[in-house]
1. Select from the stretch 13-121 those chymotrypsin sites (Phe, Trp or Tyr not before Pro) which occupy a DSSP coil region and have at most 15 other Cβ atoms within 10 Å, ordered by residue number.
2. Per the 1.4 Å probe, what fraction of the accessible area of the chain, in percent, lies on carbon and sulfur atoms?
3. Quick check for you: with a 1.4 Å probe and neighbouring chains kept, what is the accessible area per residue of the stretch 1-118, in Å²?
4. Once you mark the trypsin sites (Lys or Arg not before Pro) that are in a DSSP loop and have at most 13 other Cβ atoms within 10 Å, what is the longest gap between them in the chain?
5. If you average the C-alpha positions of the stretch 79-121 and of the stretch 1-39 separately, how far apart do those two centres end up, in angstrom?
6. Given Cα pairs under 8 Å that are at least 6 residues apart, what percent is the relative contact order of the stretch 1-94?
7. Obtain the nm distance between the two label points defined at residue 5 and residue 68 by a simple spin-label model: each point lies 7 Å from its Cα along the Cα-to-C-beta direction.
8. If you put +1 on each Lys and Arg Cβ and -1 on each Asp and Glu Cβ, how big is the dipole of the chain around its Cα centre, in Debye rounded to 20?
Amino acid sequence: QVQLVESGGGLVQAGGSLRLSCAASGSIFSINTMGWYRQAPGKQRELVATISNGGSTYYADSVKGRFTISRNNAENTVYLQMNSLKPEDTAVYYCNADVSTYYRAGYDVYWGQGTQVTVSS
């Protein structure tokens with residue numbers, strides 16, 4: 001099996017910064033795209049940013065210029081550096097990864113359990 005564990009969430013004032021981490025572990029053969037999503041109360045889960053195994057990135061318009069996604073392929077870890085945080089960034093942040101395992105052909109998407117980010121005004 002594959003597990004994704006997020007860390008780094010918390011409470012921060014508007015204008016502050018947080019860095020989220022997500023480590024994948026288990027019977028991993030390779031990881032393709034990794035990404036971060038978020039879900040605010042009463043809203044649908046939305047894409048925040050993604051990064052390919054080659055380092056190509058994509059950002060939602062709402063976070064461009066403020067958030068930076070990166071990854072360490074050797075450690076199967078993805079990061080989200082969040083700067084200039086706004087109250088509207090408050091949400092549960094989830095990481096996901098497109099993973100190929102040693103016991104199943106092809107890629108499957110795995111999700112972390114989520115980490116709360118709260119930005120106070």
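The values are calculated or read from the model by the stated rules, or taken from the named source; none is laboratory data. None of the values given here were measured: they were computed from a predicted structure. When we count neighbours, we look across all protein chains shown, and the Cβ atoms used for this are built from the backbone with ideal geometry, even at glycine. Quick note on the areas: whole protein, heavy atoms, side chains included, nothing else; ligands and nucleic acids left out. Shrake-Rupley method; radii C 1.70, N 1.55, O 1.52, S 1.80 Å.
1. Those satisfying the criteria are 102, 103.
2. 47
3. Per-residue value: 51 Å².
4. Here the longest segment lacking exposed loop sites spans 65-121.
5. 4
6. 33
7. Label at residue 5, label at residue 68, 2.6 nm between them.
8. My answer is approximately 140 debye.
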